[in-house]
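To keep things clear, I will list the structure first and then write my remarks on it.
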Amino acid sequence: MKKTIYIFLFLLLFITGCSSTQEANMKEDIFSYDSSVLGDNSAVAAILNHLKHSESLRDISLQTKSEPYGLTVTYEGIDATLLEKEYTETAIYNATFLFALVDNADWMTFVFENEKEHTLRVTKDELQTWYDRELRTFTDQESLEQLIHEHLEENNPDTLLQEG
């Protein structure tokens, strides 16, 4: 009986330890895509899979035939109490990370499809002016998230995003 308990405890600790390591690796992994380009579909998709509402991601469309290069990301079925606020925060959060990690991205459009379609667009220049920081200088997820949260609390994000 004691042997069974010890085996069970060992397995529990082992599984918990592996889970913690996996979560730590996921946080670090996003910056392994630093210096990606929009032409690298797998890198862009991997970055988006680390960001807000990745489970609701429906489509990614890259515009890379002529400059300025951009990206349209479509989400479907985001469940939130305050949808407009959630759309705005998701667009800012995800655009911030994408502009920090993808070298040649100049603009992003986020399409949110629920009962009706809601579209938000932002450029790299507008976002960097809003932050008063060059996004490419960031090297870790934690400091970039801190910047996002501080600015969402202190500044009006509605002036940043273009609808339509």
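Restricting to the stretch 80-110, count the residues that are touching a strand residue (DSSP E or B) at 6+ places or on another chain (Cβ under 8 Å), free of Cβ contacts under 8 Å to residues at least 40 places away in the same chain and among the hydrophobic types (A, V, I, L, M, F, W, C).
Residues that pass the stated criteria total 6.
Just checking, how many residues over the stretch 152-164 are under 14 Å from Asn94 (Cα atoms) and either of a type in the set (D, E, K, R) or free of Cβ contacts under 8 Å to residues at least 40 places away in the same chain (or both)?
0
If a residue counts only when it is modelled with pLDDT of 95 or more and β-branched (Val, Ile, Thr), which strands (runs of 3 or more DSSP E) contained entirely in the stretch 51-164 have at least 3 such residues?
Because the criterion is at least 3 residues that are modelled with pLDDT of 95 or more and β-branched (Val, Ile, Thr), the strands (runs of 3 or more DSSP E) in the stretch 51-164 that meet it are 70-76, 117-123.
Quick one: count up the residues across the stretch 46-78 that are loosely packed, with under 13 Cβ neighbours inside 10 Å and either among the aromatic types (Phe, Trp, Tyr) or in contact with a strand residue (DSSP E or B) (Cβ under 9 Å, 6 or more places away or on another chain) (or both).
The number of residues fulfilling the criteria is 5.
If the requirement is being of a type in the set (Gly, Ala, Ser) and under 13 Å from the mean Cα position of the chain (by Cα), which of these qualifies: Ala100, Ala80?
Ala100
Being within 12 Å of the chain's Cα centre (by Cα) and among the hydroxyl-bearing types (Ser, Thr, Tyr) is the filter here, so list the residues in the stretch 34-55 that pass it.
Once the filter is applied, which keeps residues that are within 12 Å of the chain's Cα centre (by Cα) and among the hydroxyl-bearing types (Ser, Thr, Tyr), the stretch 34-55 yields only Ser54.
The values are calculated or read from the model by the stated rules, or taken from the named source; none is laboratory data. All figures in this text were calculated on a predicted structure; none of them were measured in a lab. Cβ atoms come from the backbone with ideal geometry, glycine included; neighbour counts cover every protein chain shown.
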